Amino acid sequence: MTNFTRPTIIRRARVIDKILAVKYGPKSLVRRSEPTSELICTILSQNTNDINRDKAFAGLRRRFPSWRDVAGARPNEIAKAIKVGGLSKIKSARIKNILSQIAEKSSDLTLSFLESMPDNEIWDYLISFKGVGPKTASCVLLFSLGRHAMPVDTHVHRVGRRLGLIPEKLNPEKAHHWFLQLNLPLNIYQLHINMIWHGRQLCRPRNPKCPPCPLKKMCLYYRQNPPQEKGREIKRLVI
């Protein structure tokens, strides 16, 4: 597979974004929550599903109405509130530690000061927290701050590599910073959501549904593994 230059990736990303928006519909970012809530919620999502994550977050907010209350609570009290999300002892310690670090910069623990910082500085600040990795940092940047960051799950990584948006040998963790540095000038939220849909519906890990795929003409994977379609060759689109 080919590793493209940034201008080429931008051109490809724009075409891919338009095609996926036609296939799965346009998407508009509605910021899910303020940065501290997004950060804590993403930590609670680690090693669990969305349903249990949401239950754990709701349990935390019921027990502790403010982040100051959480910061002042004992770890075992926090763990009880988020037990449904799993790994409660580990997550409670991480949450308490992170809130204590945020308190050094923000008396109300809101992380509102991130709004005035450039993407790379926000990234470095979030990554400095123990237990916060590239995906968590990317989620806060995109979903809460509306920045050009791409949370890379298994679908985004697979689809991105096959379409040439992510270098072939780049693992998911490094792909987060790759997208941050690319700073793609388009609706990253829309591309992110639609790449996930595409990975679930057509671009599957095994036996991908290439024939009906609207992106097959520019797919690097398809070039290497072209199925026969009624005995004729399909012209590839190179961008």
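Note on the range 129-150: residues that are of a type outside the set (A, V, I, L, M, F, W, C) and farther than 17 Å from SER28 by Cβ amount to 7. Go through the residues of the range 44-53 one by one and say whether even a single one is modelled with pLDDT under 95 and either assigned by TED's automatic domain parsing to the domain that holds HIS176 or assigned to a helix (DSSP H, G or I) (or both). So far as the range 44-53 goes, yes, one or more of its residues are modelled with pLDDT under 95 and either assigned by TED's automatic domain parsing to the domain that holds HIS176 or assigned to a helix (DSSP H, G or I) (or both). Of the listed requirements (1) more than 22 Å from HIS148 (Cβ to Cβ); (2) surrounded by 13 or more Cβ atoms within 10 Å (Cβ to Cβ), SER100 misses just one: (2).
Can you confirm whether ILE40 is of a type in the set (Val, Ile, Thr), in contact (Cβ under 8 Å) with a residue 40 or more places away in the chain, crowded, with 19+ Cβ neighbours inside 10 Å and assigned to a helix (DSSP H, G or I)? Yes.
Scanning the range 116-128 for residues that are touching a residue at least 24 places away in the same chain (Cβ under 8 Å), surrounded by 18 or more Cβ atoms within 10 Å (Cβ to Cβ) and not β-branched (Val, Ile, Thr) gives TRP123, LEU126. Residues in the range 67-83 that are in contact (Cβ under 8 Å) with a residue 24 or more places away in the chain and either buried (at least 18 other Cβ atoms within 10 Å of the Cβ) or not basic (Lys, Arg) (or both): TRP67, VAL70, ALA71, ALA81, ILE82. As a summary of the residue check, LYS89 satisfies the conditions (1) part of a helix (DSSP H, G or I); (2) touching a residue at least 24 places away in the same chain (Cβ under 8 Å) except for the one numbered (2). The combined condition, being assigned to a helix (DSSP H, G or I), within 28 Å of LEU202 (Cβ to Cβ) and basic (Lys, Arg), is not fulfilled by ARG68.
Residue-wise test of (1) under 30 Å from LEU111 (Cα atoms); (2) buried (at least 20 other Cβ atoms within 10 Å of the Cβ).
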| position | (1), (2) |
| --- | --- |
| PRO134 | yes, yes |
| SER138 | yes, yes |
| HIS155 | yes, no |
| ILE196 | yes, no |
| ARG200 | no, no |
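Per this entry, SER128 is counted among residues that are within 30 Å of HIS177 (Cβ to Cβ) and of a type in the set (Ser, Thr, Tyr).
The values are calculated or read from the model by the stated rules, or taken from the named source; none is laboratory data. This is a predicted model, so every value here is computed, not measured. Reconstructed Cβ throughout: ideal geometry from the backbone, glycine too, with neighbour counts over all protein chains shown.
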